[in-house]
Amino acid sequence: MIITRKSLSRRSLLQGLGAAISLPMLDAMTPAFAAASRVADGAAPRRMAFLYVPNGIIMDQFTPATDGADYQMTRVLEPLAPYREDFMVLSGLTLNGGRALGDGAGDHARAASSFLTSAHPVKTSGADIKAGVSVDQMAAQAVGNLTKFPSLELTCEDGRLVGSCDSGYSCAYSNSISWRTPSSPNPAEINPRAVFERLFGDADLDPATRAKRALYNKSILDFVTDDTRRLQGNLGLTDRRKLDEYLFAVREIEQRIEKAEKDSANLPMPTMERPAGVPVDFGEHAKLMFDLMLAAFQTDQTRIATFMIGREGSGRVYREINISDAHHPLTHHRNNPDMVEKVAEINKYHMEQFAYFIGRLKATKDGDGTLLDHSMIVYGSGLSDGNRHQHDHLPLVLAGRGCGSIKPGRHVNYPAETPMANLYVAMLDRMNVKRESFGDSTAELSQLDLA
């Protein structure tokens, strides 16, 4: 720890045996004598995250019927109702790169790979994959040097990056939305334990020390007790409360991961190896990943994250909501009412997980506001109508205020064929990444900051 003139360094850590826990934003990091320079010093950095749901959405149960602030909440959006003033619905945006453009079938692979790249992927099942640099990585290349991790990539569904998964397209296209280079997708982590150790453990820990920690079977917080006690002695009452709440949240995540590991160990042996620490219940898995993403933002370990709630073309079943049919086949419903109803229930269930994340961001103090105030969170899919594999009028939600640069609480309906890349140009600009164009953009998306 570095304490100077009663000012705590923003990069302070709680350190112990193989543990290095970053701290949340505390008042001691922005003392009164430095108040005038808080924005310049990055006291409230902007974060951006992109959350992907597969297989499209039942659009007439997602898209509001009217524009502006007085729109009526739809069935799929209903879980977000408590946060109506904290998000906006964006309609009319298109991913032209997701269309066939002469390549025939493969809409699922193109939907995912073009979602953040706005690029049309090369149709191949071999090693010569090619899409484009994704918007998250464009931002990470610019601001990633300011944090421990340039970006964080998460998923709730395991997927391979080799072989063919969709009509001659490599599995890398269906299972990745984050692309470091046009030929290098970033693999996403499915195991909450691995994410937890990455954020709160020591990646360079030697095997002997790891074995010692495992033998003691202690919480990671037990290894930083002395450092925590010293820090608390130098903090005011408000900061001590913030630190207590944060450390409680870290321990609570740890306990949920431990429970998931025990539950997984008691399951019958699957035909494929199940990663340790992955909860059996989908909702619990999603919430754990959201809490880990929040912790990474709260401690400024990263400002960029992506989360594939499911891989594109996912055949997951959702027994948690009494749906035993596979998701992807259900989306080819041919207007069968029973199948449409099940897809809509899945769409709403996904939105419930997103609403949990929005609520947690809004409840977490960050500088002079909340994490939600200082974030830009995109939720959506690379397909609108999964039955017809359409890539226009995509279902998109933009949550957060981007440090005051976005005015949420509205439904904005853009002209048909407006490139989704226009949104990404606007978001990059708000991350102070200046680009005249991105992908097939035509301009910076307007109306994001209009009341």
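Here the range 265-310 is the region considered, the condition is being of a type in the set (Gly, Ala, Ser), modelled with pLDDT of 95 or more and surrounded by 23 or more Cβ atoms within 10 Å (Cβ to Cβ), and the residue that is nearest to Asn145 (Cα to Cα) is Ala305.
Quick check on Val433: is it under 30 Å from Leu330 (Cβ atoms), in contact with a helix residue (DSSP H, G or I) (Cβ under 8 Å, 6 or more places away or on another chain) and not aromatic (Phe, Trp, Tyr)? Here the answer is no, as Val433 does not meet what is asked. If you go through the range 291-318 and keep only what is of a type in the set (Lys, Arg) and either within 11 Å of the chain's Cα centre (by Cα) or under 18 Å from Thr117 (Cα atoms) (or both), you end up with Arg303, Arg311. Answer yes or no: is there a residue in the range 197-205 that is loosely packed, with under 15 Cβ neighbours inside 10 Å, modelled with pLDDT under 95, of a type in the set (A, V, I, L, M, F, W, C) and touching a helix residue (DSSP H, G or I) at 6+ places or on another chain (Cβ under 9 Å). Checked the range 197-205: at least one residue is loosely packed, with under 15 Cβ neighbours inside 10 Å, modelled with pLDDT under 95, of a type in the set (A, V, I, L, M, F, W, C) and touching a helix residue (DSSP H, G or I) at 6+ places or on another chain (Cβ under 9 Å). Considering only residues of the range 296-342 that are in a helix (DSSP H, G or I) and in contact with a strand residue (DSSP E or B) (Cβ under 9 Å, 6 or more places away or on another chain), which is nearest to Tyr173 (Cα to Cα)? Looking at residues that are in a helix (DSSP H, G or I) and in contact with a strand residue (DSSP E or B) (Cβ under 9 Å, 6 or more places away or on another chain), I get His327. Annotation note: of His108, His120, the sole residue that is in contact with a Cys (Cβ under 9 Å, 6 or more places away or on another chain), at pLDDT 95 or above, buried (at least 21 other Cβ atoms within 10 Å of the Cβ) and under 19 Å from Glu312 (Cα atoms) is His108. Among residues of the range 59-77 that are closer than 23 Å to Leu383 by Cβ and free of Cβ contacts under 8 Å to residues at least 12 places away in the same chain, those with a Cβ under 8 angstrom from a residue that is surrounded by 13 or more Cβ atoms within 10 Å (Cβ to Cβ) and of a type in the set (A, V, I, L, M, F, W, C), sequence gap 6+ or separate chain, pair up as Met73/Leu80.
Yes/no per residue for (1) buried (at least 20 other Cβ atoms within 10 Å of the Cβ); (2) outside any loop (DSSP other than H, G, I, E, B); (3) at pLDDT 90 or above:
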site	(1), (2), (3)
Ala139	yes, yes, yes
Asp158	no, no, no
Leu221	no, yes, no
Val224	yes, yes, no
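The values are calculated or read from the model by the stated rules, or taken from the named source; none is laboratory data. What you see is a predicted model, and the numbers here were worked out from it, not measured in a lab. Cβ sites come from the backbone with ideal geometry, for glycine too, and all protein chains shown count toward neighbours.
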